[in-house]
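K.L.:
Please read through the structure below; I'll follow up with questions.
The values are calculated or read from the model by the stated rules, or taken from the named source; none is laboratory data. Note that this is a predicted model, so its numbers are computed, not measured. Cβ: placed from backbone, ideal geometry, glycine included. Neighbour counts: every protein chain shown.
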Amino acid sequence: MDPRPHPARGRNYARAAAILLLTLGCLYVLRPFLAAILFAAAVVISSWPLYLRLLQHMRGRRTPAALTMTLSLTLLVIIPLALVAWNLADNIAGAFEQVKAALNHGELLPPQWVRDIPLLGEQIDAYLRQLVASRDSMMELAQRLVEPARRALLAGGLMLGTGVVQLSLAAFVSFFFYRDGAALNAVIAAATRRIMGEEAEAVSGIVSQTVRGVMYGLLGTALAQGLVAALGFAIAGVPAILLLSVLVFVSSLIPLGPPVIWGGAALWLFYQGSTGWGVFMLVWGFFVISGVDNVVRPMLISRGSSLPFLLTLLGVLGGVIAFGFVGLFIGPTLLAVGYSLMSGWTHTRDPIVKQKEQL
């Protein structure tokens, strides 16, 4: 037997190394745009059936159909988020200036409902009044709490503004994904067949199904919570309904996020002396706004991947750290795809999901 290496095997190794280096180089070049590309891919995969219907109505004209889908994404998502980011910065600056003015003049007194708290109401009310009366203690507390809160909210507004830029770039990329999607899908399918063989079709089906399920669940639940929150804010007479509703929409992507918004609205109502409307806001938020998550999300992800709560939380936090605002969508989607593929390869997929796939 000839101990020398076979020339064909050596050429295969060299080809594989060249392809790997080329892939790493392409990823390095595309790294600044990776978040927008991944988000655009997730949006296109999720809305591909709708695009095919639109393409059929437009008699196969791909460019007008792709432009229509892109403009719809811009009008429905990007422009409202841009307006909210702009208003958020103005409202935060104005609100904190009012708080500082009230603190300087000693006009910030605890509302009547604080005294009505069972057992501890009178003690809390007395402490707050003493704190307000002591200018030095109040300013020290304000310096410790108000400024960090202002910086945190402004950082959130800056992240939202950066997200608008990322979404705009994603909309631009999605136009080409829509227009050239059939050709891209053929290339990806051929590549996966060469890498995975017979399992390529099943893997592609799992990926597209999981992406659609997660995106439908995230966006559908967020939209539903934003709408019912807007209705509750309007009934209770809470100002800045559009801003708060969009904040509910964004925070619903984070586990336990919406209660911070509607809970803050309830506290504002209590402070204004509207105790009945404050109680209404708490009840509406707990049973309706947060209850939507338990009803709408399972319905929309019924054919997708049931991602565990821990992976959902890690996907949201890790996605924001890695990709910024659009990481709210990309992180859970990537983890859901990985979880579905791993469950499929190890034959441990959820039996409920298996049963639904067979229907």
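K.L.:
With the checklist (1) part of a helix (DSSP H, G or I); (2) modelled with pLDDT of 80 or more; (3) not β-branched (V, I, T) in hand, flag the one item L243 doesn't pass.
P.N.:
Every condition holds for L243 apart from (2).
K.L.:
Restrict the check to segment 157-169 and report whether at least one residue is part of a helix (DSSP H, G or I), at pLDDT 85 or above and within 30 Å of T74 (Cα to Cα).
P.N.:
Checked segment 157-169: at least one residue is part of a helix (DSSP H, G or I), at pLDDT 85 or above and within 30 Å of T74 (Cα to Cα).
K.L.:
Hey, another quick one. Does segment 200-221 contain at least one residue that is exposed (fewer than 14 other Cβ atoms within 10 Å of the Cβ), within 27 Å of V43 (Cβ to Cβ) and in contact (Cβ under 8 Å) with a residue 40 or more places away in the chain? If you could, list the steps in order and put the result at the bottom.
P.N.:
From segment 200-221, those exposed (fewer than 14 other Cβ atoms within 10 Å of the Cβ) are 201-202, 205; that's our starting set.
Filter once more, so that each one left must be within 27 Å of V43 (Cβ to Cβ): 201-202, 205.
Pick out the ones that are also in contact (Cβ under 8 Å) with a residue 40 or more places away in the chain and you get 202.
Looking for residues that are exposed (fewer than 14 other Cβ atoms within 10 Å of the Cβ), within 27 Å of V43 (Cβ to Cβ) and in contact (Cβ under 8 Å) with a residue 40 or more places away in the chain, one finds at least one in segment 200-221, hence yes.
K.L.:
Shifting gears a bit: Got a number for residues in segment 333-357 being surrounded by fewer than 12 Cβ atoms within 10 Å (Cβ to Cβ), in a helix (DSSP H, G or I) and at pLDDT 70 or above?
P.N.:
The total comes to 1.
Yes/no per residue for (1) surrounded by 10 or more Cβ atoms within 10 Å (Cβ to Cβ); (2) in contact with a helix residue (DSSP H, G or I) (Cβ under 7 Å, 6 or more places away or on another chain); (3) closer than 27 Å to V320 by Cβ; (4) in the same structural domain as F325 (by TED's automatic domain parsing):
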residue: L20; (1), (2), (3), (4): yes, no, no, no
residue: T23; (1), (2), (3), (4): yes, no, yes, no
residue: C26; (1), (2), (3), (4): yes, no, yes, no
residue: A41; (1), (2), (3), (4): yes, yes, yes, no
residue: S47; (1), (2), (3), (4): yes, yes, yes, no
residue: L50; (1), (2), (3), (4): yes, no, no, no
residue: R53; (1), (2), (3), (4): yes, no, no, no
residue: S72; (1), (2), (3), (4): yes, no, yes, no
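K.L.:
Another one. Can you tell me which condition L313 does not meet? The list is (1) at pLDDT below 70; (2) farther than 16 Å from R212 by Cβ, and all the others hold.
P.N.:
Of everything listed in (1) at pLDDT below 70; (2) farther than 16 Å from R212 by Cβ, L313 misses just condition (1).
K.L.:
Any residue at all in segment 54-68 that's under 25 Å from L227 (Cβ atoms) and either assigned to a helix (DSSP H, G or I) or at pLDDT 75 or above (or both)? Give the steps one after another, and end with the answer.
P.N.:
So in segment 54-68, the residues under 25 Å from L227 (Cβ atoms) come out as 54, 68.
With either assigned to a helix (DSSP H, G or I) or at pLDDT 75 or above (or both) added as a condition, the list becomes 54, 68.
Yes; the residues of segment 54-68 include at least one that is under 25 Å from L227 (Cβ atoms) and either assigned to a helix (DSSP H, G or I) or at pLDDT 75 or above (or both).
K.L.:
Output the number of residues of segment 229-268 satisfying the condition of being surrounded by fewer than 20 Cβ atoms within 10 Å (Cβ to Cβ) and of a type outside the set (G, A, S).
P.N.:
13
K.L.:
Taking segment 179-211, which residues are within 30 Å of V250 (Cα to Cα), more than 22 Å from the chain's Cα centre (by Cα) and at pLDDT 80 or above?
P.N.:
R179, G181
K.L.:
If a residue must be under 14 Å from the mean Cα position of the chain (by Cα) and either not assigned by TED's automatic domain parsing to the domain that holds Y271 or not polar (S, T, N, Q) (or both), how many such residues does segment 214-245 contain?
P.N.:
11
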